[in-house]
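Below: the structure, in structure tokens.
Derivation of every value follows stated rules applied to the coordinates shown; laboratory data play no part. Everything numeric here is computed off the predicted structure, so don't read it as measured data. Glycine gets a Cβ as well: all are built from the backbone with ideal geometry, and neighbour counts include every protein chain shown.
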């Protein structure tokens with residue numbers, strides 16, 4: 001083998017080794033990129049899970065606070081309604097008592113008037129009877 005052939009064979013061998021090393025390096029780089037991408041994906045998934053959990057906790061707190069506030073509003077409304085109901089019952093009781101008093105006054109006045117009418121009618125009948133008796137006496141004489 002001559003020197004040129006030997007140099008060519010050595011160059012080819014060196015090129016083959018370089019190509020093998022380049023392939024190995026590319027494979028290592030590909031593995032490193034794949035591992036880094038997987039790690040990034042896993043980290044992002046963990047972060048999204050943490051965000052999801054935090055949001056769920058916050059929404060749970062908001063829901064609980066809203067339920068408490070609505071319960072307080074409901075209790076306050078029930079108390080106020082009870083107060084209104086009691087006040088209305090008192091007012092209606094006062095109105096009923098006043099109406100009963102007025103009705104009693106009307107009955108009493110009506111009774112007094114009826115007694116006066118009865119007395120007046122009795123007087124008229126008595127006077128009419130006395131007048132009729134007087135007239136009968138005069139006619140007999």
message: As an exercise, use a Förster radius of 35 Å and the Cβ-Cβ distance of residue 22 and residue 48 to find the FRET efficiency, rounded to the nearest 0.05.
response: 0.40
message: What do you get for the angle between helix 3-140 and the principal long axis of the chain? Use alpha-carbon atoms, 0 to 90 degrees, nearest ten.
response: 0 degrees
field: Value of Rg to Rh for region 73-114 (Rh from inverse mean 1/r over Cα pairs, i.e. Kirkwood)
entry: 1.44
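Can you pull the semi-axes for the chain, root of five times each eigenvalue of the Cα gyration tensor, sorted largest first, whole Å?
Value: 131, 15, 5 Å, ordered largest first.
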field: Angstrom value of the Kirkwood radius, inverse mean 1/r, which spans all Cα pairs in region 1-49
entry: 13.7 Å
Stokes-Einstein translational diffusion, region 91-141 - Kirkwood Rh over all Cα pairs, 1.567 mPa s, 4 °C, in µm²/s: 92 µm²/s
